[in-house]
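Step one of this worksheet: look at the structure below.
The values are calculated or read from the model by the stated rules, or taken from the named source; none is laboratory data. This one's a predicted model, so the numbers in the text were calculated from it and none came from an experiment. Methodologically, a virtual Cβ is constructed for each residue, glycine included, from the backbone with ideal geometry; neighbour enumeration extends over all protein chains shown. Note: areas computed on protein heavy atoms with side chains; ligands, DNA, RNA excluded. Shrake-Rupley method; radii C 1.70, N 1.55, O 1.52, S 1.80 Å.
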Amino acid sequence: MSHHAPTLSTDFLQFTLAQPKTIAEPFSFSISNHTDVSVWDTGVIVFEPRGWPTEEVHNIVLSSAIHGNETAPIEICNQLITDLLTGKLVTSQRLLFLFGNPPAINNGTRFIEENLNRLFSGAHSVGDGLINAERVRAKKLEHYVERFFLEGHPDAQRWHYDLHTAIRGSKHEKFAIYPYRHGKAYSGEQLMFLAACGIETVLFHHEPTTTFSYYSSHQHHAHAFTIELGKVMPMGHNDMTRFIALKQMLTRLISGKDLQLAPFSEAGLHLYQVHRSVNKQADDFEFTFANDVENFTAFPKGYVLAKEAGQAIKVNEPNETIVFPNANVPVGQRTVLCLIPATNYRVE
Ligand SMILES: [Zn+2]
């Protein structure tokens, strides 16, 4: 390593942002003979308790900055990393922290050239191939997650929480997207853990996607979620008191304490399934509601949601609840997801 290279003290974010594209070479060290630490790449750090991994040692991936301007998750993860590096927090689990897109963090933007969270499950290499830094990074992130899971005990649990904040406000401040399960049951333990973290709203997705969480769920059978923690704020302007429950539960999980989760009950949870995805058919597509409408706003049956090509698109269920509206997409792509309360879902 060159003597000009930054050194890692206790601030892994600072270390990462000083060399956003790559580090000189991977390196390892240990903390007080109880934890092995490996830095695999810029923004990629692994913590492992000493000894061969057993079935009881979970393999946990916490990713943030897949969108570079979503700062709250970056700050939460960096606090946990600092607690681990200083020995304030001692891990009982194998942990992989990922800062997804360091150049975009430095830039203060969602991405540089392409939305990283549309590039997983091989999408990075489709079409024009590895033509930009986000595509190259997506392929590497897949590789790091695969390597991390394969180096753990084969029967141990695999978790991946991909942490985000949303562009628009939300009726439910925090929510999780449960990637499409291909008919498999949902995990009651995971739903109760999320609720204990203050994430009581979960959207059961209805089809495969090119998101990071679907990749870990589908390729590696991980308990994986895209987690939205509130609204985007500039770095240092997040109200960290909004994340106390999340940080407490992650700390319990990491340190191997009993999670004290109640058995699964849907009381207090808001579980949604996709009723339909409204795709754009014509260039003049427009929503009738205001631009700043919040996610999880419900509309009554018969309400005109949007207009295009002289036709009205109406709510066709007693209550349809919208998320991720965006009229500025190419014809053929999704403009909004319409949700209804989840029914007939299977939890184990
Ligand atoms: Zn995001």
Sole residue being aromatic (Phe, Trp, Tyr) and either at pLDDT below 95 or open to solvent by 30 Å² or more (accessible area, probe 1.4 Å) (or both), chosen from Phe296, Phe324: Phe324
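Among the residues of region 68-76, is any over 20 Å from the mean Cα position of the chain (by Cα), away from the ligand (no atom under 13 Å from the Cβ) and either of a type in the set (A, V, I, L, M) or closer than 16 Å to Phe12 by Cβ (or both)?
Looking through region 68-76, none of the residues is over 20 Å from the mean Cα position of the chain (by Cα), away from the ligand (no atom under 13 Å from the Cβ) and either of a type in the set (A, V, I, L, M) or closer than 16 Å to Phe12 by Cβ (or both).
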Residues within region 300-321 that are open to solvent by 20 Å² or more (accessible area, probe 1.4 Å) and in contact with an Asp or Glu (Cβ under 7 Å, 6 or more places away or on another chain), tallied: 3
Residue pairs meeting the criteria (Cβ under 9 Å; at least 6 apart or on separate chains; first within 20 Å of Pro103 (Cα to Cα), in region 120-149; second at pLDDT below 95 and buried (at least 24 other Cβ atoms within 10 Å of the Cβ)): none
Top-ranked residue of region 149-183 - restricted to ones that are surrounded by fewer than 17 Cβ atoms within 10 Å (Cβ to Cβ) and within 23 Å of Asn115 (Cβ to Cβ), ranked as nearest to the ligand (Cβ to nearest atom): Ile167
Residues (of a type in the set (Val, Ile, Thr) and open to solvent by 30 Å² or more (accessible area, probe 1.4 Å)) located in region 130-148: Ile131, Val136
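Within region 185-200, does at least one residue satisfy the condition of being within 16 Å of the ligand (Cβ to nearest atom) and open to solvent by less than 30 Å² (accessible area, probe 1.4 Å)?
yes
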Restricting region 327-342 to residues that are within 18 Å of Ala166 (Cα to Cα) and open to solvent by 10 Å² or more (accessible area, probe 1.4 Å), the residue that is nearest to the chain's Cα centre (by Cα): Arg334
Residue in region 106-146 that is farthest from the ligand (Cβ to nearest atom), counting only those that are under 30 Å from His34 (Cβ atoms) and hydrophobic (A, V, I, L, M, F, W, C): Val145
All positions within region 222-267 that are open to solvent by less than 80 Å² (accessible area, probe 1.4 Å), polar (S, T, N, Q) and closer than 26 Å to Ala166 by Cβ: Thr226, Asn238, Thr251
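Please determine, by comparing only the residues of region 45-67 that are among the polar types (S, T, N, Q) and away from the ligand (no atom under 16 Å from the Cβ), which one is least open to solvent (accessible area, probe 1.4 Å).
Ranking the qualifying residues of region 45-67, first place goes to Asn59.
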Selection from region 114-140 of residues that are on the phi > 0 side of the Ramachandran plot and within 16 Å of the chain's Cα centre (by Cα): Ser121
Any hit, region 119-126, residues being at pLDDT below 95, out of contact with any Pro (no Cβ under 7 Å at 6 or more places or on another chain), loosely packed, with under 15 Cβ neighbours inside 10 Å and in a loop (DSSP other than H, G, I, E, B): no
Entirely in region 1-83, the strands (runs of 3 or more DSSP E) that have 3 or more residues that are within 28 Å of Gly169 (Cα to Cα): 59-64
Which numbered condition Tyr214 misses (of (1) closer than 22 Å to Phe296 by Cα; (2) assigned to a loop (DSSP other than H, G, I, E, B)): (2)
Qualifying residue in region 84-98 (condition: in a loop (DSSP other than H, G, I, E, B), open to solvent by less than 10 Å² (accessible area, probe 1.4 Å), within 16 Å of the ligand (Cβ to nearest atom) and within 26 Å of Ala166 (Cβ to Cβ)): no
